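The values are calculated or read from the model by the stated rules, or taken from the named source; none is laboratory data. If you're wondering where the values come from, they're calculated on a predicted model, not measured in any experiment. Cβ sites come from the backbone with ideal geometry, for glycine too, and all protein chains shown count toward neighbours.
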Amino acid sequence: MLFRPLAAAAALVLLLLPPAASAAEAVNSGGVAITFFLAFVTATLGVTWWAARRTHSTHDFYVAGGRISGLQNGLAIAGDFMSAASFLGVTGLIFGFGFDGLIYAVGGLAGWPLVLFLLSERLKNLGKYTFADAVTLRLAATPIRCLAASGSLVAVVLYLIGQMVGAGKLIQILFGIDYAVAVGCVGTLMMVYVCFGGMLATTWVQIIKAVLLLSGGSLVTVLVLAQFNFSLDQLFVAATQQHARGVAVLAPGGLVHDPVSVLSLGTALVFGTAGLPHILMRFFTVPNAREARRSVFFATAFIGYFYVLTFIIGFGAMALVMGNPQFADATGRLLGGDNMAAIHLAHVAGGPVLLGFMSAVCFATILAVVSGLTLSGASAISHDLYASVFHPHASEQELVRVSRYATIALGVVAVLLALLFESQNVAYLVLMAFTVGASVNFPLLFLALYWRHLTTSGALTGGVLGLVLAVGCIVLGPTVWVEVLGHAEPIVPYKYPALFAMCASFSGSIVVSLLDRSERAARERAGFNAQYIRAQTGLGAEGTPA
Amino acid sequence: MQQVYRLIFKDPRFHDLQRRRGRLSWTLAGIVIANDTWYVLATAFYPEAAFARFWGLPVSEGAAITWGIAIGLAQTVLFILLVLYYIYRANGEFETLKEVVVADALRAVGTQP
């Protein structure tokens, strides 16, 4: 029954794919990338069809029935994190700035151990489908779910626009497809995966893509190292000979120099990870806390390995692509910008076949990441808002239907906004998503899990403060106020406000909670012991016999 | 369920478990945060501050790899090892102890564990 719309969607994609824009724009004119990409789409639509027949209840739709193993979930988490933005962006930063690109790698990885040590176990034992479940066990459901859903939706939509605009641009360069068609393609495929296959399909799409990205990256790395007799030292020597800054590129410098900004950027990277809803949601897809911990181990190992790859690929591109006239435009800049460094390197290292393969993997990466984001946004709408706030007695079928409508609505909104933001530099949107994660969701979740005295009014004050400051500071800061809106001076001098917004959110929550002497506050504090024992033991957790 | 929770809360082994697991998580989290902050600050204060100056020096005479790069790559390995150690303890001894505590409490109220 579900197969027909899937087949129709596949046919639609086939029709849309042949290059529409001038092929001269495309990095590769060959059909290799298209062939690899069609193979990926066929395989993932097959997975979606298989998953659709296993997706009936809300439990299946949101968390794949809680039957994902630790290894599978670890790969999927790693997949969520290894977006095209981080693969192409971090290799591009290392290509352009050398050593300083490493801050993103180390900061990005450091979030994972923290999620494991402080959050994963308690979250798994307390929650059901979204992190708001864990927070509302003892706090008032309606206002807190509205807050959590706002934080989640703001983060998801910002991240989604960032990914979609990046996707459109990338596909335009790689495949020579028109921007609007590329964005429409990503939107359509993503809606098919999520609507029909729910979390099971989304997870498997993410796993397939993670395996492809890690093996493709490894292949490029091995081929590059082979050219330098497998000596990192020889690679660095060759790289420093090409870069304008010479050996200084192997030491810190240039990219970020002001300690406050650097710390604030680190805060956004580390704690934003612990507050992004599509990542928190993954802890509910495993059966118990033991598997939740194992999944973080696999995720950390894969992400660590991934960053080592991006590091070598970045310096490899510096050695082999920089200064190569084949990849420079008339002004001597890299064709397609620094973000294309990894793609050009694949061409140098493995010829047109590897170039086609890596291009297809990047397209697949974007698809998989936007699917996960959309699913978490849809669950915030249907589970946190519709089911818990507006229609507490809705039936299973009704909720699955609402989730599917929410998916389509989010998909359409994302496509429209991506068209609207086409010519904007959207890097700040992703930064804003991390900042909102770090200053709304993370403080709320952390205090609810760890601090007995947190009350509903405190949590609301802190959350709203964090949200307003995070969005406000970015809009009034140098990136948006000056670069996008064209004013002369920024009102807020800092580019990365996560540190202030997060601290304000924590202090707002703490001060108001301590001042709260109401009867409800007393009841909420009294509820902490039961929540604490459940968090520690998993007794009474969803999916375990009570 | 409230009765089981009360029994567990009275069990000294539960408090021992959560104290030891909490100490482990916070120690490891502290190591991660300290390492990350140090790394990021050394990058920001290079080359003025004394604690950051050696970052641009080669790890050995004639090598191209600098201390900063070697430390950055070592951090990745360190984080993975810390995670591995936590999983080893948490999925091993702590999980076993937790199961005993829960089973005893369930038996005391007459439910089969």
Applying the selection to the stretch A:280-303, what residues are touching a Lys or Arg at 6+ places or on another chain (Cβ under 7 Å) and of a type in the set (Phe, Trp, Tyr)? A:PHE283, A:PHE284
For the structure I just gave you, tell me whether B:TRP55 is facing another protein chain (nearest Cβ under 8 Å), assigned to a helix (DSSP H, G or I), in contact with a strand residue (DSSP E or B) (Cβ under 8 Å, 6 or more places away or on another chain) and not aliphatic (A, V, I, L, M). yes
So, in the stretch B:1-59, exactly how many residues are surrounded by 15 or more Cβ atoms within 10 Å (Cβ to Cβ), acidic (Asp, Glu) and over 16 Å from A:VAL106 (Cβ atoms)? 1
A:HIS487 versus (1) within 29 Å of A:LEU269 (Cβ to Cβ); (2) free of Cβ contacts under 8 Å to residues at least 40 places away in the same chain; (3) surrounded by 19 or more Cβ atoms within 10 Å (Cβ to Cβ): which is the lone unmet condition? (3)
Listed residues A:THR300, A:THR267, A:THR285; which is in contact (Cβ under 8 Å) with a residue 60 or more places away in the chain, under 21 Å from the mean Cα position of the chain (by Cα) and at the interface with chain B (Cβ under 8 Å from one of its Cβ atoms)? A:THR300
In the set A:THR136, A:THR142, which member is crowded, with 21+ Cβ neighbours inside 10 Å and either of a type outside the set (Gly, Ala, Ser) or in contact with a helix residue (DSSP H, G or I) (Cβ under 8 Å, 6 or more places away or on another chain) (or both)? A:THR136
Yes or no: the stretch A:213-223 includes at least one residue that is surrounded by 24 or more Cβ atoms within 10 Å (Cβ to Cβ) and farther than 30 Å from A:PRO352 by Cβ. no
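Here is a yes/no grid of residues against (1) at positive phi; (2) at pLDDT below 90; (3) surrounded by fewer than 23 Cβ atoms within 10 Å (Cβ to Cβ):
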site: A:VAL308; (1), (2), (3): no, no, yes
site: A:ILE313; (1), (2), (3): no, no, no
site: A:ALA319; (1), (2), (3): no, no, no
site: A:GLY323; (1), (2), (3): yes, yes, yes
site: A:GLY332; (1), (2), (3): yes, yes, yes
site: A:ALA342; (1), (2), (3): no, no, no
Return a yes/no flag: does the stretch A:45-66 have any residue that is without any contact (Cβ under 8 Å) to a residue 24 or more places away in the chain, surrounded by fewer than 24 Cβ atoms within 10 Å (Cβ to Cβ) and either of a type in the set (Gly, Ala, Ser) or at positive phi (or both). yes
Tell me the residue from A:THR300, A:THR365, A:THR331, A:THR267 that is part of a loop (DSSP other than H, G, I, E, B) and of a type in the set (Ser, Thr, Tyr), please. A:THR331
Filter the stretch B:74-86 down to residues that are more than 7 Å from chain A (Cβ to nearest Cβ) and surrounded by 15 or more Cβ atoms within 10 Å (Cβ to Cβ), then give me how many there are. 1
Restricting attention to the stretch A:145-172, and to residues there that are within 24 Å of A:PHE363 (Cα to Cα) and touching an Asp or Glu at 6+ places or on another chain (Cβ under 8 Å), which single residue is surrounded by the fewest Cβ atoms within 10 Å (Cβ to Cβ)? A:GLN172
Identify the residue in the stretch A:233-242 that is facing chain B (nearest Cβ under 8 Å) and buried (at least 18 other Cβ atoms within 10 Å of the Cβ) and, among all such residues, is farthest from B:PRO58 (Cα to Cα). A:THR240
Quick check: anything in the stretch B:2-13 more than 7 Å from chain A (Cβ to nearest Cβ), at pLDDT 90 or above and assigned to a helix (DSSP H, G or I)? yes
Would you mind stating whether B:TYR46 is at pLDDT below 90 and of a type outside the set (S, T, N, Q)? yes
Kindly provide the set of residues from the stretch B:87-109 that are more than 16 Å from B:ARG19 (Cβ to Cβ) and crowded, with 20+ Cβ neighbours inside 10 Å, ordered by number. B:VAL102, B:ALA105
Total residues in the stretch B:87-103, condition of a type in the set (A, V, I, L, M, F, W, C) and at the interface with chain A (Cβ under 10 Å from one of its Cβ atoms): 5
Set A:SER505, A:SER513: member being surrounded by 17 or more Cβ atoms within 10 Å (Cβ to Cβ), more than 27 Å from the chain's Cα centre (by Cα) and among the polar types (S, T, N, Q): A:SER513
Return yes when A:LEU160 is assigned to a helix (DSSP H, G or I) and within 30 Å of A:ALA319 (Cβ to Cβ) and no when it is not. no
What is the one condition in (1) in a helix (DSSP H, G or I); (2) at pLDDT below 85 that A:PRO19 does not satisfy? (1)
Just to be sure I understand, how many residues within the stretch A:384-404 are in a helix (DSSP H, G or I) and without any contact (Cβ under 8 Å) to a residue 12 or more places away in the chain? 4
What number of residues in the stretch A:389-420 are crowded, with 22+ Cβ neighbours inside 10 Å and over 17 Å from A:GLY198 (Cβ atoms)? 3
Within the stretch B:28-52, how many residues are assigned to a helix (DSSP H, G or I), within 23 Å of A:THR267 (Cα to Cα) and more than 9 Å from chain A (Cβ to nearest Cβ)? 4
Which of the helices (runs of 4 or more DSSP H) contained wholly in the stretch A:408-492 include at least 3 residues that are modelled with pLDDT of 90 or more and closer than 26 Å to A:LEU515 by Cα? A:442-450, A:456-476
Of all residues in the stretch A:499-527, which are basic (Lys, Arg) and not in a helix (DSSP H, G or I)? A:ARG517
